[in-house]
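Data first, discussion second: the structure below is written as C-alpha cells.
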Amino acid sequence: TPIPVKGGAVTDTFARAETKVYYDRPKAFDYAAARKAVLDAEAARRVPGNLAGAKRTLLFGETRDWEEKKVVPDGTWYPMITASSYAWQRFHLYFPYFLQDGIKERKSVIEWQAWMPDRTDKDPWLKIDFGEKRRFRKVVLYRLYDNADRTILLGCTVEANGKALATFADDGKEPVVTIEFPETEASSLTLRDFKRNPKPVNAHWLSEVEVF
C-alpha cells in the first residue's frame, strides 16, 4: 500500500502487535520471497508431535500479557507453561513461554529466550497444561550453559496425576536430556525437585521443554 511522504516525513498507524516493512523501490524488493523466509523460519521452530510447543510465536508485548495476565489477543492459549516464579534481571524477563517458542540455545547469551526462576524461589516448578487429556511418554529438556561450559540444572522429577513418573540426575555434560517413562494420560505434567549445580554458574536454566 503506498504511503505518502509529506515534508520529508512518513506518518502511519499500527494495529496492536502489527509489524510493517517499508521500502522505497517496490520493484527492487521481493515481498513474496521475504514473506516465505519468515514463514519458513516460523515453521522450522515446530517439532512434529511436541505437545508443549506454542501454536504460534508471541511478540514480546504479548508475552508480558500472557505471563502477567494470562491473556493474549487469541483468547485462551493451550498448551500453556507456567512456573512457580520467573527471574527479572537487568530489565530482562525470563518467561516460561520461552520454553515453548521453538528456539533452542546452548549458551546463555540470548537474554530473551530462556527461563530461570527467581533467585529467592526455594522450590521452583514448571507446569505444562495441555487443556485436555493427552497421552505422553517422554520429556526433552534443553539446558543452558555459561562460557565455562557449566550448567545449573543437574536433575529433576516429572510428575502427572499426583505421581512421580521419572527422575533424572547427571553430571550436566549433555545439553539435551530425554526423560522417558511408561505412557501416561493426563491433562498436565509438572517438573519439580530441580537439582542445582552446587558451584556458582553464570547461566540461565532452560531454553526449551518438549513433551511427546
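The values are calculated or read from the model by the stated rules, or taken from the named source; none is laboratory data. Every value quoted in this text rests on a predicted model; they were computed, and no experiment measured them. FYI the Cβ positions are ideal-geometry reconstructions off the backbone, even for glycines, and counts take in every protein chain you see. For accessibility, only protein heavy atoms count, side chains too; no ligands or nucleic acids. Shrake-Rupley method; radii C 1.70, N 1.55, O 1.52, S 1.80 Å.
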Q. Out of all the residues in segment 191-212, which are open to solvent by less than 20 Å² (accessible area, probe 1.4 Å) and part of a strand (DSSP E or B)?
A. 191, 206, 207, 208, 209, 210, 211
Q: State whether one or more residues within segment 102-121 are modelled with pLDDT of 90 or more, within 14 Å of the chain's Cα centre (by Cα) and not in a loop (DSSP other than H, G, I, E, B).
A: no
**Q.** Complete set of residues in segment 1-57 that are hydrophobic (A, V, I, L, M, F, W, C), over 30 Å from residue 140 (Cβ atoms), assigned to a helix (DSSP H, G or I) and modelled with pLDDT of 80 or more
**A.** 32, 33, 34
(Q) If I ask for residues that are out of contact with any helix residue (DSSP H, G or I) (no Cβ under 9 Å at 6 or more places or on another chain) and modelled with pLDDT under 90, which ones from segment 86-100 would you list? (A) 87, 88, 89, 90, 91, 92, 94
**Q.** Pairs where the first residue, in segment 132-146, is in contact (Cβ under 8 Å) with a residue 60 or more places away in the chain and within 21 Å of residue 171 (Cβ to Cβ) and the second is acidic (Asp, Glu) and surrounded by 18 or more Cβ atoms within 10 Å (Cβ to Cβ), C-beta under 6 Å, 6+ apart
**A.** 140/210; 142/208
**Q.** Complete set of residues in segment 143-187 that are small (Gly, Ala, Ser) and within 17 Å of residue 51 (Cα to Cα)
**A.** 160, 186, 187
Q) Would it be correct to say that residue 130 is under 20 Å from the mean Cα position of the chain (by Cα) and open to solvent by 10 Å² or more (accessible area, probe 1.4 Å)? A) yes
(Q) Looking only at segment 133-155, how many residues end up being open to solvent by 50 Å² or more (accessible area, probe 1.4 Å) and either hydroxyl-bearing (Ser, Thr, Tyr) or not in a strand (DSSP E or B) (or both)? (A) 4
Q: Out of the residues in segment 160-190 that are among the small types (Gly, Ala, Ser) and outside any strand (DSSP E or B), state the one that is most open to solvent (accessible area, probe 1.4 Å).
A: 162
Q: Could you please find all residues in segment 17-54 being over 24 Å from residue 101 (Cα atoms) and open to solvent by less than 80 Å² (accessible area, probe 1.4 Å)?
A: 28, 29, 32
